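*Asks:* Okay, handing you the structure first.
Every number in this text was worked out from the coordinates using simple rules, so none of it is lab data. Please read all numbers here as calculations on a predicted model, not as lab measurements. Reconstructed Cβ throughout: ideal geometry from the backbone, glycine too, with neighbour counts over all protein chains shown.
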């Protein structure tokens, strides 16, 4: 299997990352170049999909038609276009941030708050609530127990990308909130080798982005 890069394109193949206890598969779907991530526990085979963004057939094929849970990172419509079809086909349990759940049109069965732990098989994901892109955006932190180096893995939705935080619509208060949350809850707590899986586009690491934090603050986006 080729080395994982995190570079995927709409209509192209998925990229697969094999971690000691978890298989992470990334795929891009149209029309807004959204990333969806399938997390499979190697021990139990249970699966969690992060953002059923669109193209339900693509996502269901990726999961082999079997899903235990779907987590929607935030309320924006480009992140849940396939949610209803995916849930109907699999009976997966739905998760979303407590402050965004009411704006996701498929009923949320589990409302997630800051610090909550989501368990799928032997996999544990810690929810990190970030305010600014939306009121209830949720990032997910995973530490693979079988990785001797303990490298963290962070799924950030639309809150952190290569080159900056998510869109806050040029609202200074929203930007300040998101920037502060990203700095204090992500950069201040996690090491440079933390791998970042965003809601659109290429992956990055906290180390690659850390030197640019003052620039982001100064420009205000």
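*Asks:* Just one of [x] 0.94; [y] 1.02; [z] 0.96 is Rg/Rh (Cα atoms, Kirkwood Rh) calculated from these coordinates, so which is it?
*Replies:* The listed entry that was calculated here is [x].
*Asks:* With each run of n ≥ 4 DSSP H residues scored as -39500 (n - 2.57), what mean residue ellipticity at 222 nm is computed for the chain after dividing by its residue count and rounding to the nearest 500 deg cm²/dmol?
*Replies:* Computed mean residue ellipticity for the chain: -4500 deg cm²/dmol.
*Asks:* Out of all DSSP beta bridges with both ends in the chain, state the antiparallel percent to the nearest 5.
*Replies:* Around 70 percent of the beta bridges assigned by DSSP in the chain are antiparallel ones.
*Asks:* What is the chain's relative contact order, in percent, from Cα pairs under 8 angstrom and six or more apart in sequence?
*Replies:* Across the chain, relative contact order equals 15 percent.
*Asks:* While we're on this one: Test of understanding: ordering 180, 173, 3 by Cβ neighbours within 10 Å, fewest first, what list do you get?
*Replies:* 3, 173, 180
*Asks:* Once the Cα gyration tensor of segment 171-219 is found, what semi-axes does its equivalent ellipsoid get, as square roots of 5 times the eigenvalues, in whole Å, sorted largest first?
*Replies:* 19, 13, 11
*Asks:* Arrange 42, 26 by Cβ neighbour counts within 10 Å, fewest through most, would you?
*Replies:* Listing 42, 26 from fewest to most nearby Cβ atoms yields 42, 26.
*Asks:* Right, another one. Suppose we keep just the DSSP beta bridges with both residues in segment 1-104; what percent of those would be antiparallel, to 5?
*Replies:* In segment 1-104, DSSP labels about 70 percent of beta bridges as antiparallel.
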